[in-house]
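Q: Okay, here's the structure, questions in a sec.
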Amino acid sequence: MTIEIDVLEPYQEFVDSARLKEAARRVLAAERVQGDLAIIVTDDETVADLNRRFLGKEGPTDVLSFPAQAPEASDGFVLPPEEAPYLGDILIALPFTQRQAERVGRPLEDELALLVVHGTLHLLGYDHAAEEEKARMWARQNAILAEMGIPPLET
């Protein structure tokens, strides 16, 4: 299992890559999933552009997840047993996240870990569009955050 972390140069001093990897690994372990993923910490402009192009929403957001491919869309392609599937990419807008952490009174490192947990759950098919889905996702997210000693996200 490979978790790649790419942090834009001006933000490297604010990001603990080991903690981000730990957050993603905890999700994969909790869900009993093997796979590779990438976490990219970037600027608001990059995330705003992707948010507009892929979700039709204006402006930046804290985190975007881009699953590599839905299992049902694999066209019958099977990976060798020793190779973990590529799950997808998680992009975090650090300036947006800094403002959000300050607004909610959460340390930046906890907010970043929360976003990695949230984004990884999205890669695994969790969603929060409907109330029932949101309750299921938030429960899973809060259980993983609790294991990391991070207070739960309010529902």
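The values are calculated or read from the model by the stated rules, or taken from the named source; none is laboratory data. The model shown is predicted, which means the values in this text are computed figures rather than measured ones. No Cβ is skipped: glycine too gets one built from the backbone with ideal geometry, and neighbour counts run over all protein chains shown.
Q: Anything in segment 126-151 that is loosely packed, with under 15 Cβ neighbours inside 10 Å, free of Cβ contacts under 8 Å to residues at least 12 places away in the same chain and either on the phi > 0 side of the Ramachandran plot or outside any helix (DSSP H, G or I) (or both)? List them, or say none.
A: Scanning segment 126-151 gives Asp127, Ala129, Ala130, Gly149.
Q: On to the next question. Within segment 64-79, identify whether any single residue is assigned to a loop (DSSP other than H, G, I, E, B), over 13 Å from Thr2 (Cα atoms), modelled with pLDDT of 95 or more and not β-branched (Val, Ile, Thr), and answer yes or no. Break it down stepwise before answering.
A: Of segment 64-79, the ones assigned to a loop (DSSP other than H, G, I, E, B) are 68-70, 74-79.
Then keep just the ones that are over 13 Å from Thr2 (Cα atoms); that gives 68-70, 74-79.
Then keep just the ones that are modelled with pLDDT of 95 or more; that gives none.
Within segment 64-79, none of the residues are assigned to a loop (DSSP other than H, G, I, E, B), over 13 Å from Thr2 (Cα atoms), modelled with pLDDT of 95 or more and not β-branched (Val, Ile, Thr).
Q: Could we say that Val33 is part of a helix (DSSP H, G or I) and either in contact (Cβ under 8 Å) with a residue 24 or more places away in the chain or of a type outside the set (Gly, Ala, Ser) (or both) here? Before you say what the answer is, go through the steps one by one.
A: Values: part of a helix (DSSP H, G or I): no; either in contact (Cβ under 8 Å) with a residue 24 or more places away in the chain or of a type outside the set (Gly, Ala, Ser) (or both): yes.
It is false that Val33 is part of a helix (DSSP H, G or I) and either in contact (Cβ under 8 Å) with a residue 24 or more places away in the chain or of a type outside the set (Gly, Ala, Ser) (or both).
Q: Give the residues of segment 98-113 that are small (Gly, Ala, Ser) and crowded, with 22+ Cβ neighbours inside 10 Å, sorted by residue number.
A: Residue satisfying the conditions is Ala113 alone.
Q: If you don't mind, another one. So which residues in segment 96-146 are over 23 Å from Ile3 (Cα atoms) and among the β-branched types (Val, Ile, Thr), if there are any at all?
A: Residue satisfying the conditions is Val104 alone.
Q: OK, next. If you take the residues of segment 1-58 that are hydroxyl-bearing (Ser, Thr, Tyr) and closer than 18 Å to His118 by Cβ, which of them is surrounded by the fewest Cβ atoms within 10 Å (Cβ to Cβ)? Reasoning before the result, please.
A: Here is the first cut: in segment 1-58, the residues hydroxyl-bearing (Ser, Thr, Tyr) are 2, 11, 17, 42, 46.
The next check asks that each one be closer than 18 Å to His118 by Cβ; those that pass are 17, 42.
Numbers: Ser17: 15, Thr42: 19.
It comes out as Ser17.
Q: Among the residues of segment 114-121, are any under 21 Å from Glu45 (Cα atoms) and surrounded by fewer than 16 Cβ atoms within 10 Å (Cβ to Cβ)?
A: Scanning segment 114-121, I find no residue that is under 21 Å from Glu45 (Cα atoms) and surrounded by fewer than 16 Cβ atoms within 10 Å (Cβ to Cβ), so the answer is no.
Q: Looking at (1) out of contact with any Leu (no Cβ under 6 Å at 6 or more places or on another chain); (2) closer than 19 Å to Glu22 by Cα, which is the one condition that is false for Arg99?
A: (2)
Q: Filter segment 36-67 down to residues that are without any contact (Cβ under 8 Å) to a residue 24 or more places away in the chain and either touching a Cys at 6+ places or on another chain (Cβ under 6 Å) or of a type in the set (D, E, K, R) (or both), then give me how many there are. I'd like the intermediate steps shown before the answer.
A: If we filter segment 36-67 for residues that are without any contact (Cβ under 8 Å) to a residue 24 or more places away in the chain, which is where we start, we get 45, 49, 51-59.
Okay, now just the ones that are also either touching a Cys at 6+ places or on another chain (Cβ under 6 Å) or of a type in the set (D, E, K, R) (or both), so 45, 49, 52-53, 57-58.
Residues that pass the stated criteria total 6.
Q: Has segment 102-125 got at least one residue that is of a type outside the set (A, V, I, L, M), out of contact with any Ser or Thr (no Cβ under 9 Å at 6 or more places or on another chain), closer than 21 Å to Gly88 by Cβ and part of a loop (DSSP other than H, G, I, E, B)?
A: Yes, the conditions are met somewhere in segment 102-125.
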